[in-house]
Amino acid sequence: MNRIPVAEPVLNGNEKKYVDDCIDTGWISGSGKYVTGLEEQFAAYCNARYAIAVFNGTVALHVALLGLKIGAGDEVIVPDLTYIASANTAAYCGATPVLVDIDPYTWTLDIEDVKRKITPRTKAIMPVHIYGHPSEMGPLVALAKEHGIAILEDAAEAHGAEYKGQRVGGIGEVSAFSFFGNKIITSGEGGIITTNDEALMQEIRILKGQGMDPKRRYWFPIIGYNYRMTNVQAAIALAQLERIDWFVQRRLEVAQWYVEELKDSPFTLSPQAEWAKNVYWLYCVLVPEGIDRDRFMVDMDAQNIETRPFFYPMHVLPPYHDSEGDAKFPVSTAIGARGVNLPSSAKITRADVKRIAESMFKSLEMQQAK
Ligand SMILES: *Cc1c(COP(=O)(O)O)cnc(C)c1O
């Protein structure tokens, strides 16, 4: 039987045509009509005023934090369960990522723990819309306002997700998205920042363009970065963006099939808060308690189904290690150990989901029999 991968890009729109156009016209570097087209259309998609395309999602977070003037001595609140780029980018700025536990249902920032971790040094909160489910933005925005701190949404996994009908990427001061090869839409490597704040947009543009003064060529008032997205990347991203409704719709459909197959099973399924539109970047399950997650994944692999473990909680990784972390972050510790990402690409069929579910039941039985 064929192998079913967790993620796989689908590049069957205008990607090739637009890339050919870049090559035919010689516009292959960090500016061009696909870059500006992508920025305009992505901002509109998020109901944000501005978007700034950059080389990948990690530098999108980095330059967004720099734009917020985060630096040495500052603290940035980050969920313990996330991809490492969320924490690393705070560290790149010389700031301290302050880890917070996650909510047991949505797997996003636990608001009560955020409240406990705010100090006079807190400069930003970074809600991560993990695996496509938005963070609970209402209380976070209220809390940030009350304390005069900024919100940077890490929306790398959540293009099109909504909090109470509002698209992510337009809720916090600034947001960062990724177009890595396995994300909802892709440009191979790529990222974009959205914001409604004009001054912040201008600051980020300068930072990502080597720090050059926009009115005076080769005059560099600050230390900047070359984080530009190429026109070739943007050509692919724009072609993908033209079909984003289809990409999101496919993920909702695949999620619905997983629910149909697994709703009466002992697996805990991807969350879906009543205020949320989850876009199911990766469909998730938690294995039942008492089941060895890693063995379950080996047994899935033997049936030619690729799965992925949840991210390791930040507090177990060497750069952010906290020996008391398991007690401080009990929810993220438990969920990180039980979580599995299932195949979720736009290519998945109804028959694939049935086969995956059957393999899951079989893998479960193999452990229970012993
Ligand atoms: C993918 C991802 C990033 C980083 O994006 P890259 O484009 O791979 O640099 C950041 N945060 C989260 C939560 C991600 O999943």
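The values are calculated or read from the model by the stated rules, or taken from the named source; none is laboratory data. These numbers were taken from a predicted model, which means no experiment stands behind them. All Cβ positions, glycine included, derive from the backbone under ideal geometry; neighbour counts span all protein chains shown.
Tabulated values for the structure
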read-out	value
Matching residues, the stretch 184-210, being within 16 Å of the ligand (Cβ to nearest atom) and surrounded by fewer than 24 Cβ atoms within 10 Å (Cβ to Cβ)	Thr186, Gly188, Glu189
Some residue of the stretch 166-188 being touching a Lys or Arg at 6+ places or on another chain (Cβ under 9 Å), on the phi > 0 side of the Ramachandran plot and modelled with pLDDT of 95 or more	no
So Gly67, is it within 16 Å of the ligand (Cβ to nearest atom) and in the same structural domain as Thr186 (by TED's automatic domain parsing)	no
Set Ala144, Ala124, Ala161, Ala155: member being farther than 27 Å from Tyr312 by Cβ, crowded, with 18+ Cβ neighbours inside 10 Å and in contact (Cβ under 8 Å) with a residue 12 or more places away in the chain	Ala144
Those residues of the stretch 117-150 which are aliphatic (A, V, I, L, M) and either within 15 Å of the ligand (Cβ to nearest atom) or in a loop (DSSP other than H, G, I, E, B) (or both), in sequence order	Ile118, Ala124, Ile125, Met126, Val128, Ile130, Ile149
Thr36 being among the polar types (S, T, N, Q) and farther than 22 Å from Glu203 by Cβ	no
Failed criterion for Gly169 (all others in (1) out of contact with any His (no Cβ under 9 Å at 6 or more places or on another chain); (2) in a loop (DSSP other than H, G, I, E, B); (3) within 24 Å of Gly224 (Cβ to Cβ); (4) within 16 Å of the ligand (Cβ to nearest atom) hold)	(1)
Criterion (touching a Ser or Thr at 6+ places or on another chain (Cβ under 9 Å) and among the small types (Gly, Ala, Ser)) met by exactly one of Ala44, Ala51	Ala51
Identity of the residue in the stretch 18-58, part of a helix (DSSP H, G or I) and in contact with a strand residue (DSSP E or B) (Cβ under 6 Å, 6 or more places away or on another chain), that ends up nearest to the ligand (Cβ to nearest atom)	Gly57
Residue within the stretch 88-102 that is farther than 14 Å from Asp74 by Cβ, within 16 Å of the ligand (Cβ to nearest atom) and small (Gly, Ala, Ser) present	no
Failed condition for Asp80, given (1) surrounded by fewer than 21 Cβ atoms within 10 Å (Cβ to Cβ); (2) within 16 Å of the ligand (Cβ to nearest atom)	(1)
First in the stretch 100-111 and closer than 14 Å to Trp275 by Cα, second anywhere and outside any strand (DSSP E or B), Cβ under 6 Å, 6 or more apart	Tyr105/Pro271; Thr106/His133; Thr106/Pro271; Thr106/Ala273; Thr108/Ile130; Thr108/Ser135
Residues of the stretch 172-183 classified as within 16 Å of the ligand (Cβ to nearest atom), of a type outside the set (Phe, Trp, Tyr) and crowded, with 19+ Cβ neighbours inside 10 Å, total	6
The stretch 132-186, residues that are hydroxyl-bearing (Ser, Thr, Tyr) and over 22 Å from Val63 (Cα atoms)	Tyr163
Subset tally (residues that are of a type in the set (Ser, Thr, Tyr) and either in contact with a Lys or Arg (Cβ under 6 Å, 6 or more places away or on another chain) or outside any helix (DSSP H, G or I) (or both)) for the stretch 63-109	6
